[in-house]
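The values are calculated or read from the model by the stated rules, or taken from the named source; none is laboratory data. Computed from a predicted structure; not experimentally measured. Here Cβ is always computed from backbone atoms with ideal geometry, including for glycine, and neighbour counts include all displayed protein chains. All accessible areas refer to the heavy atoms of the entire protein, side chains included, with ligands and DNA or RNA removed. Shrake-Rupley method; radii C 1.70, N 1.55, O 1.52, S 1.80 Å.
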Amino acid sequence: MSGFSARVKAVLGPTNTGKTHLAIERLLGHSSGIIGFPLRLLARENYDRMVSRKGVRNVALITGEEKIVPPDARYFSCTVEAMPLDRRVEFLAVDEIQLCADPDRGHIYTDRLLHARGMVETMFLGAETIRRLLKRLVPEAEIETRPRLSELSYAGATKLSKLPPRSAIVAFSGAEVYAIAEAVRRRRGGCAVVMGRLSPRTRNAQVALYQEKEVDFLVATDAIGMGLNMDVDHVAFAGLSKFDGHRPRLLTAPEVAQIAGRAGRGMRDGTFGVTATCPPLADELVKSVEAHAFEPLGQLFWRNPELDFGGIDSLLQSLTAPPPMPGLARGNEAADVLTLGALGQDAEIRGLAQGKAATRLLWEACQIPDYRKLATEHTKLCAKVFTHLRREHVLPAAWIGAEFLHLDKTEGDIDTLMQRLADVRFWAYNTARADRMSDAAPWANRAREIEDKISDTLHEKLMARFVDRRAAHLTRRLEALETIPGEELLSAVTSGGVVLVEGHEVGRIEGFTFHPDPASQGHEKKFLLRAARRALGMEMPRRILRAELSGDAAFSLNPRQCILWEGAEIARLRKGFAALRPAVEILPSEFLDNAARERLRIRLAAWFAAEIASTLAPLFRAIAEPAAESRGLMHRLSEAIGVLPGETVEPGLARRLRKLGVDAGQFAVFLPALLKPKAAVMRAMLWAVWQGSELPLLPAPGLVSALPIPGLDESDDALRMGWVRAGPVMLRLDIAEKLARELNVLIHKHPVPVPAGLASRMSLKLEHLPVILNRLGFRIIPAATLAPDAYGPPAPPMLARRKGLKYAARPTPETPTPPRPDNPFAALAALRGAGLRRVAS
């Protein structure tokens, strides 16, 4: 074995070439190994894959804020920054090695490229663009180029509402992700959301939502480009620029390819394009992405790994040392260097950072990631961590406990929860270090518990905001129906009218009108209508036939002048050619064709005509056989629907009308039978339809007097509805007429005392009686006051005719006509006359 040299291999190529799968297989084929990934999410995903193969006792996970390291662990899934390079393992791999060219993180990847090696095999995975520089810097490396397993083609611009299922929409800010996710929810039922700020637990839950096809769309940031493996058929860019931590800039062609390459996995081809407000991709860019042909990298970023811990100044100087060879360059000032520079200005920190051990400790504190992106506050926290570690050697349990107590809550919106997760990650990073805590394991577990709790809540809130499971499922079924001839939606309508489609409640059907779920709006409402149309295609004809065959008891009227069937409005009354013959109009419904509408109209018109004839039968009998002299009057009475105000009728005709059930009174000609409750409501309905007005309110059934009601506050309106307006109250017409007749008989010759109980008979207050009697044509003469020298009971109040109305004159005796002499009764008349004369004498 003395002549054995470790193998270094670079596997390069575009996305979907199986590079990561190859590396995992090679790693697990050795007795030990380490693989570094660019994201914590990827490290966690592949950790789970490795555990399923080798068991939890043999696999470790090491990221900045999470460490799961069993004592016998032999395989390590890590972030590149957290790779335990002090461990000797047979196999070592680094994924996405082209990130050596990233100005911010590139120096870490370059360090791994130059110095990280496995004892038996080392593998670097990445894009073809790094080939030239990798060969120069690592000349011993074998380079294998792998072709993409499937084709990737440009599909152009597509509206959000037209994107195919299994699409990933990529945006480059949280606000854009939220806006697009909201739009997808409204138009397509919902989506999963993947962002770099999500915890692995939340991210996995969101990916599972997509992978298990509960939703067909994924909205993500460019974090999706770093090897997140999902069944994506199409990638749509919602923008082509991003903020890289320093400035806004356009995506480079390799970055576009890295993201677009998520489409099409295995042997399945994929497409990419643009959506929303993103402009079309340039032809040159499209050709580069489709052919996977890009300019090779010109330089890799490097930072001196040989640091001088003699003091803060010497450490800063060593960190800024120039690259040792061509092809390497210094990148952006990293956050840890900036933090060190800021703390180096603090006299107290300088005083504590004396000696190599203290300076190394300060540098480790400065390397705590700024998860919250709060530079100044982060610097202060790093200073506090260093101060505690320098003076007390561990972080105070009281301080960590207070921070955890503050963070252990799940209230707040999505952004608040993600910010809280970033805070938890800071403390998880510190508590994962056994050298910083007196008892690290319980604190690390506590950090993980809080992160999991917040992560679960965040997933639920993302679901609540961006996913409508009902709409997503129905969208999928509707789109499937368009491709499968003869397939129908599984639907049902409950006895309560609830419409179920594929097991989901989409709304209610009332009569022949579908009402979508009231919680739905905009595009969601249109979508539910679409689903209901498909589902009700067979149900509606059955409902129409059932309505046509229904008995009369199934129909009724409501105060809105509508006809109800089984409690639902299906038609309205309109003015017809006569007051007693209103027209029936079927309410609009997209489920009724003209033939069905006409059949229903005929059925309802027949039912309502029968209702009118039954309810107003006395009127129809009265007008059926009028005498010649009353024909005109009866015609006007029918037009007035049984109450004809202000009509004067000759006494003889009035007596004949009474035989027909018609009363010709002081206030109106009317049929008393039509003042009964049911007939009164029908009359009011017909009159409102005829006049084109709302149905007036009527006094409660059984009342003989009532206070004025809105709509009946005018005398003519009240009288047409069968009520006489009398001052502050209304009297029912038949009661008013009857009372007027009785009182006229009483005072036919002269005033009489006011009858006892007159007010109570009409259910009136006593003080209202004079005003009401005045309306009926009477007045009350107050009781006379006795003179001081008079004795006896006073004269009572007297009922008299209203001033201006005369009493009936005494009839002048007629001179009897003498009988004819030849009349048999002439002798009797003579005897009667003689007897009268004797009595008079």
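Within the chain, what percent of beta bridges assigned by DSSP are antiparallel, to the nearest 5? Taking every DSSP beta bridge within the chain, about 50 percent pair in antiparallel fashion. Think of a 1.4 Å ball rolled over the protein heavy atoms: the chain then has 49 Å² of accessible area per residue. Labels on offer are (i) 89, 68, 63; (ii) 94, 93, 64; (iii) 178, 78, 46, and the one holding Cα extents along the principal axes in Å computed from this structure is (iii). Peptides 686-697, 128-139, 358-369, ordered by how many other C-beta atoms sit within 10 Å of their residues on average, highest first, read 358-369, 128-139, 686-697.
Taking only DSSP H segments of four or more residues, each worth -39500 (n - 2.57), what value at 222 nm results for the chain once the sum is divided by all its residues, to the nearest 500 deg cm²/dmol?
Counting only the DSSP helices, I get -12500 deg cm²/dmol.
Per atom type, the chain shows carbon and sulfur on 55% of its accessible surface, probed at 1.4 Å. A simple spin-label model places pseudo-atoms 7 Å from Cα toward Cβ; at SER760 and HIS115 they are separated by 11.4 nm. With 5 Å bins beginning at zero, the pair-distance distribution over Cα atoms of region 750-809 amounts to 4, 16, 23, 22, 15, 11, 7, 2 %.
With respect to the chain, whose longest principal axis is taken over its alpha-carbon atoms, helix 826-840 is tilted by about 90°.
Apply the Kirkwood formula to region 44-169: the hydrodynamic radius equals the inverse of the mean of 1/r over all pairs of different alpha-carbon atoms; give it in Å with one decimal. Result for region 44-169 stands at 17.3 Å.
Please work out whether region 322-469 counts as rounded, prolate or oblate from its C-alpha gyration tensor, where a ≥ b ≥ c are the square roots of the eigenvalues and a/c under 1.5 means rounded, while otherwise a/b larger than b/c means prolate and anything else oblate? The partial results should precede the final answer.
Working: a/c = 2.46, a/b = 1.47, b/c = 1.67.
The shape class here is oblate.
Inter-part distance, region 213-274 to region 611-639, computed on C-alpha centroids, equals 82 Å.
So if each residue of separation counts as 0.36 nm, and I subtract the Cα-Cα distance between ASP231 and GLU284, what length gain in nm does that give? Write out the running numbers ahead of the final one.
Values: separation 53, 0.36 × 53 = 19.08 nm, distance 2.75 nm.
Length difference between fully extended and current span is 16.3 nm.
In this structure, ARG469 and ALA492 have a Cβ-Cβ separation that, at R0 = 30 Å, corresponds to a calculated FRET efficiency of about 0.95. With the highest mean first, a sort of the peptides 262-268, 248-254 on other beta-carbon atoms found within 10 angstrom per residue produces 262-268, 248-254.
Over all pairs of different C-alpha atoms in region 279-401, the reciprocal of the mean inverse distance, the Kirkwood hydrodynamic radius, equals 17.1 Å.
On a 20 Å Cα-Cα criterion, which of the cross-link pairs LYS749/LYS803; LYS9/LYS135; LYS67/LYS213; LYS409/LYS461; LYS162/LYS213 come out too long? The partial results should precede the final answer.
Values: LYS749/LYS803 15 Å; LYS9/LYS135 11 Å; LYS67/LYS213 32 Å; LYS409/LYS461 14 Å; LYS162/LYS213 18 Å.
Violating the 20 Å limit, Cα to Cα: LYS67/LYS213.
Taking 0.36 nm per residue of sequence separation and removing the Cα-Cα distance, the GLU411/LYS213 pair yields an extension gain of 68.4 nm.
Taking the Cα centroid of region 282-352 and of region 169-204, what is the distance between the two, rounded to the nearest whole Å? The two parts, judged by their Cα centres, are 32 Å apart. Take the Cα of ASP552, go 7 Å toward its beta carbon, and the backbone nitrogen atoms of region 639-678 under 19 Å from that spot belong to 674, 676-678.
Spacing of the modelled spin labels on HIS750 and THR648, each 7 Å from Cα toward Cβ, amounts to 3.0 nm.
The label point for GLU151 and the one for GLU502, both projected 7 Å from the Cα toward the Cβ, are 3.1 nm apart. Report the FRET efficiency, 1/(1 + (r/R0)^6), for GLU140 and ARG350, where r is their Cβ-Cβ distance and R0 is 45 Å, rounded to 0.05. According to the calculation, E is roughly 0.55.
Close amide H partners of LYS575, meaning residues 5 or more places away or on another chain with modelled amide H under 5 Å apart, are ALA583.
In plain terms, the chain from LYS678 to GLU590 could stretch by 28.2 nm, reckoned as 0.36 nm per residue minus the Cα-Cα distance.
Computed from phi, the 3J(HN,Hα) profile of region 669-686 under the Karplus parametrisation 6.51, -1.76, 1.60 (θ = phi - 60°) reads 9, 7, 9, x, 5, 7, 8, 5, x, 5, 5, 5, 5, 4, 4, 5, 4, 5 Hz, with x in place of Gly and Pro.
Taking a cut-off of 12 Å between Cα atoms, list the aspartates and glutamates near LYS676, but don't count ones fewer than 8 places away on the same chain. Within the straight-line limit of under 12 Å, LYS676 reaches these aspartates and glutamates: ASP734.
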